[in-house]
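Below is one structure; the comments refer to it alone.
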Amino acid sequence: MTTEWAFKGQEVKEPFHYRMSGLDDVYLRSGYRLHDDGDVVIEDMDGLHRAIGLHLACNKKTLTGREIRFLRHEMDASQKCLATVLRVSDQTLARWEKGEIPIGDPEELLLRLTYLGHIGGQLNIPELSKRITEMDESSMSKEFFEKTDEGWKSAA
């Protein structure tokens, strides 16, 4: 499925400076066209955002606040939800996104892995956050496992 978005009144040069992502340094060499009425149409916006997210998660040395926010938005997660998964306060996450403090190396790695798990269909971030929030210490006292034809599994 091809999704398209039109941007009005934005000057179009080659390459096209794609500002709608909230990132300052994204340029498109193709995948867009200019309509007669001046609108810029971006083809397959979901695919573009996935490519941007993959680039950030796999190829960027250090994530900026805007890049952290971009990844969070792509996972459809609130600050509170993602902060729970990363085991930090939502205020800490907000300060990372504003560029007030740098994200720590372990948290940045976990954010990258969380994003990759999300786009791979392995992680539902809001559901994971809810499960972590609802856990209590007593539920962790005894863990039971059983052997099945498919291998060992939690018997919880």
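Quick notes on this one:
- Members of region 15-31 found to be touching a Phe, Trp or Tyr at 6+ places or on another chain (Cβ under 8 Å) and either crowded, with 18+ Cβ neighbours inside 10 Å or under 21 Å from Leu71 (Cβ atoms) (or both), listed by number: Phe16, His17, Tyr18, Met20, Ser21, Gly22, Leu23, Val26, Tyr27, Leu28
Quick grid of which residues meet (1) modelled with pLDDT under 90; (2) loosely packed, with under 13 Cβ neighbours inside 10 Å; (3) assigned by TED's automatic domain parsing to the domain that holds His17:
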position	(1), (2), (3)
Arg33	yes, no, yes
Asp37	yes, yes, yes
Arg50	no, no, no
Ala57	no, no, no
Lys61	yes, yes, no
Glu67	no, no, no
His73	no, no, no
Ala77	no, no, no
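Each row is one residue, and each column tells you yes or no for (1) buried (at least 18 other Cβ atoms within 10 Å of the Cβ); (2) on the phi < 0 side of the Ramachandran plot; (3) assigned by TED's automatic domain parsing to the domain that holds Leu23; (4) small (Gly, Ala, Ser).
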{"residue": "Cys81", "(1), (2), (3), (4)": "yes, yes, no, no"}
{"residue": "Ser89", "(1), (2), (3), (4)": "no, yes, no, yes"}
{"residue": "Gly104", "(1), (2), (3), (4)": "no, yes, no, yes"}
{"residue": "Arg112", "(1), (2), (3), (4)": "no, yes, no, no"}
{"residue": "Gly117", "(1), (2), (3), (4)": "no, yes, no, yes"}
{"residue": "Pro126", "(1), (2), (3), (4)": "no, yes, no, no"}
{"residue": "Ser129", "(1), (2), (3), (4)": "yes, yes, no, yes"}
{"residue": "Lys142", "(1), (2), (3), (4)": "no, yes, no, no"}
{"residue": "Glu150", "(1), (2), (3), (4)": "no, yes, no, no"}
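- When residues of region 106-156 are limited to those that are small (Gly, Ala, Ser) and assigned to a helix (DSSP H, G or I), the one modelled with the lowest pLDDT: Ser138
- Leu82 passes every criterion in (1) under 13 Å from the mean Cα position of the chain (by Cα); (2) aliphatic (A, V, I, L, M); (3) farther than 19 Å from Gly22 by Cα apart from (3).
- Taking region 39-48 as the range and being buried (at least 18 other Cβ atoms within 10 Å of the Cβ) and over 26 Å from His118 (Cβ atoms) as the test, only Val40 passes.
- Close contacts from region 10-27, counting a first residue that is farther than 21 Å from Lys60 by Cα and a second that is acidic (Asp, Glu) and modelled with pLDDT under 90, with Cβ to Cβ under 9 Å and a gap of 6+ residues or different chains, come to Gln10/Asp39.
The values are calculated or read from the model by the stated rules, or taken from the named source; none is laboratory data. Treat the numbers as computed from the prediction; the structure is a model and nothing was measured. Cβ sites come from the backbone with ideal geometry, for glycine too, and all protein chains shown count toward neighbours.
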